[in-house]
Each structure stands twice: as structure tokens, then as C-alpha cells.
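Bear in mind that the values in this text are calculations on the coordinates, not laboratory data. Just so it is clear, the structure is predicted and the values come from calculations on it, not from any experiment. All Cβ positions, even for glycine, are placed from backbone atoms using ideal geometry, and neighbour counts span all protein chains on display.
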Ligand code: GLY
């Protein structure tokens, strides 16, 4: 099943359960000064999670584009990206644990919907701490739908707690669903959450607390449900794959990098392929957003600059001559082609996207030329780079520390 069909099915399933459909909000949140990007579907919904009535009712379903820069160092493995789409169903003070879990199970396993093998599913629940009790209620509901005891693990806040999106706000314990990804190895009877072959595909958050400035967790006025299903990851398991970058939302970008670089993927360069793929996609979406910003040294513009420059750095590592073409523009064209139906704004804003990418490539090239000249001078002087010199290269010439290391 392709991601597009999965998205359609998800929306249809929750529409049948009485949810109203809302559009993906901007990648740049307008009511949350504590974060630069929409990291989850909850950002645009915070006012409704704390009690304001939503005009479309108490049940909402959406597919939200997200950027999680905190995962940037994990990009390079099989399943992490910083840009992704998240499918979510929301109860704004309406249904709670029972319906949320039963519907998650039904959507995942029913032949009418995804038809995933229930014998390859494992679950985590919140183990409890001083702020909130152990979530036995969630685990009992999982057992009642057929998940055996040995496939349920209890973990702490680091793993089974979601939110707030920024420093303060709505949050709560969650229960997470994992799928055994390898096709050729049977799923172990007992769930080991440390085993990376169990891939997290969905979480149901029981958002019933408000985290205060003082770090206290107070009960919210209403009990909400916020679920988050990673579109790309579920498409991956539905397609029987263990590498996210093999699905249709990434593969054409990977192929374009192959063409541009003339290289095939090897163990040594795989990480570069994946970083370039994720970062050029994120950059295209930031520029092509309704609140899109150009690269700069501030806030979202700074992150965008880092995305573009990091892609360029990895393209150089693959041996691409940056002067030979506007490489990131070529990659952005592929990104737009993949997403043009779901996000028509990307196409409408393509000139802005291409212009800004091109300008940033030129700027980076100049930075590299100047920085490299200074770098040579320093090395010629005494065959080394001191920490002070490295700082000067970065501070005065914008020459990245990673380039100095290389
Ligand atoms: N549903 C919470 C999240 O993962 O974004």
C-alpha cells in the first residue's frame, strides 16, 4: 500500500467514527512561541486541548506535516527523518482510552483497513512515577483486544509520555504501538523494546495534564486523546520494507542523488544519501510553506540555512561538483513532483523555492572559497588548526566546523 492510499484510508476510518477532517497547519506555528516548527499535530490544537470549543466539534482527524530537528543526529539510520507527515485522530474532551486503543487496533489489523498481522504487534504503556500513576488501564484494554501480556512493556517518561510541545502546556502518558519489521524472521514471543527491529508506528497520548512553568503536572479541564501515526513508517511496514528510504516518498530523491553524483549507495556513503534526502525535503517544505521563510541567521531561517548547507556538504562528500549545477534545486524539483497533489502550494511557490536555494548555494560556495583560503594559510603556517583558529574560521568566515574536521 502506498502512503497516499494509507492516508486516505486513515482519514476515511476516522471520518466513519465521527471525526471532522482538518487540513495540515503551517510548519511554522502561529500560537506557540516556544518552538520554531510544528513538531506534532498538537501545535495548532493546543487552545482546544485546554478547553476552547473547536468549531468542528470534539472529534478531529488530520495529516500534519512536521519537522523535528531534535532528531537530526539520528538521520542516517533506516527509520529516522526530521521531516515527516503524521496522521492523527483527536478527542477534545470526548472519548478516551477505550475507544482510542480499540480503534487503533481495529485500523491496524482489520482486513478492511490495514490488515497488519496482530502477531507482529507489541505495545508499551506508561510505568508510572511521582507525576502520574502506572497505566494499567491502557494495558488491560490492549489485553482485551488480544495483545498477550509478554508483548506489553511498561516504560518511564522518556519513552511513554508526550508533550508539552514547548516548555509548558498539555501533556500526558501515552501507549505506543510497535511492529516487527523483518519479513524473514518471526517476531519473538516476548517484546524487547531495546530491539530496534521493533519499529514504533503509532502512539495514543492520553493528554490529561498541564505542565506548568514550575514543572508541576496539573489535571487539565478535559481529558483528550492525541494520536500520532508516522505515515512514512507505516507505509514502510505495509510495503514489507525495513528501510524507510525505499518507499515512494523518498526513493525518487535517492535516485536523483545517484544520478547527480554518479554514485551507488554503499555502506560508507549511505548516511550522506539519507541526510541529503531528508534535508532537501525539509528545506523545500519550509520554503514552500504558507509562512515560508528564506535562509537567514535567525530562527527558522537559520535552521533552513543549516539544512541546505548540510545537504551541500554531503553532496560534496559524494564527489558532486557544486559549481556544475544547482544541485539542491534539482532535488527540490523531485520533492515537488512527489508531493504536488497533497501540497499544491509547493508548486505555486516553486520560483521562490528555487531562487532561494540557488542563492544559498552561491553564498555557501563563496563561504567555502574564502574559508578554504584562510584554512590553507593557517595550515601552511604551522601544519595545524588551533581551537582559536577553528573558531575564527567559523565566526568570521562561516566555515563549518565539520568542514574543518574533514
Ligand atoms: N501524538 C503525539 C506525537 O507523536 O506527535
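Taken over the Cα atoms of region 171-231, the convex hull encloses 118 Å³ per residue.
Over the C-alpha atoms of region 120-199, the Rg to Rh ratio, Rh being the Kirkwood estimate, stands at 1.02. Taking the empirical scaling 2.2 N^0.38 Å for compact globular proteins as reference, region 1-48 has a Cα radius of gyration ratio of 1.39. Report, in whole Å, the centroid distance computed from the Cα atoms of region 279-323 and region 13-91. That distance is 23 Å. The order of 202, 90, 113, 161, going from fewest to most other C-beta atoms within 10 Å of their C-beta, is 113, 161, 202, 90. The value of relative contact order for the chain, using C-alpha pairs under 8 Å at least six residues apart, is 14 percent.
A simple packing score, the average count of other Cβ atoms within 10 Å per residue, orders the peptides 225-231, 261-267 as 225-231, 261-267, with the highest score first.
By the equivalent-ellipsoid construction on the alpha carbon gyration tensor, region 226-277 comes out with semi-axes of 24, 10, 10 Å, ordered largest to smallest. For region 164-195 versus region 126-158, the inter-centroid distance based on Cα atoms is 12 Å. Between the alpha-carbon centres of region 330-405 and region 200-255 there is a gap of 31 Å.
In terms of packing, defined here as the mean over residues of other Cβ atoms within 10 angstrom, the peptides 247-255, 75-83, 397-405 line up highest first as 75-83, 247-255, 397-405.
In the chain, helices alone account for a calculated mean residue ellipticity at 222 nm of -13000 deg cm²/dmol, with every DSSP H run of four or more residues adding -39,500 (n - 2.57).
Working from Cα pairs under 8 Å separated by at least six residues, relative contact order for region 54-154 is 21 percent.
With axes computed from alpha carbons, what is the tilt in degrees of helix 3-16 against the longest principal axis of the chain, rounded to the nearest 10 within 0 to 90? Between the helix axis and the principal axis of the chain, the angle is about 30 degrees. The residue 8 and residue 110 beta-carbon pair, evaluated with R₀ = 25 Å, returns a calculated FRET efficiency of approximately 0.95. Pair-distance distribution of the chain: all C-alpha pairs, bin width 10 Å, starting at 0; shares per bin in whole percent are 4, 21, 29, 24, 15, 6, 1, 0.
Judged by the mean number of other Cβ atoms found within 10 Å, the most tightly packed of the peptides 269-279, 344-354 leads the ranking 269-279, 344-354. If you take the alpha carbon atoms of region 211-361 and fit the smallest convex hull around them, that volume is 177 Å³ per residue.
Taking the Cβ-Cβ separation of residue 355 and residue 30 as r and a Förster radius of 30 Å, what is the calculated FRET efficiency to the nearest 0.05?
My answer for the efficiency is 0.75.
Place a point 7 Å from Cα of residue 406 in the direction of its Cβ. Which residues in region 371-385 have their backbone N less than 13 Å from it? 372, by backbone N distance to the label point. All distinct Cα pairs of region 69-136 go into the 1/r average, and the inverse of that average, the Kirkwood radius, is 15.4 Å. Mean sequence separation of contacting Cα pairs (under 8 Å, at least six apart), scaled by the length of region 139-242, corresponds to a relative contact order of 26 percent.
When the Gaussian network model of the chain links Cα atoms closer than 10 Å, the mean-square fluctuations of 183, 203, 224 top out at 183.
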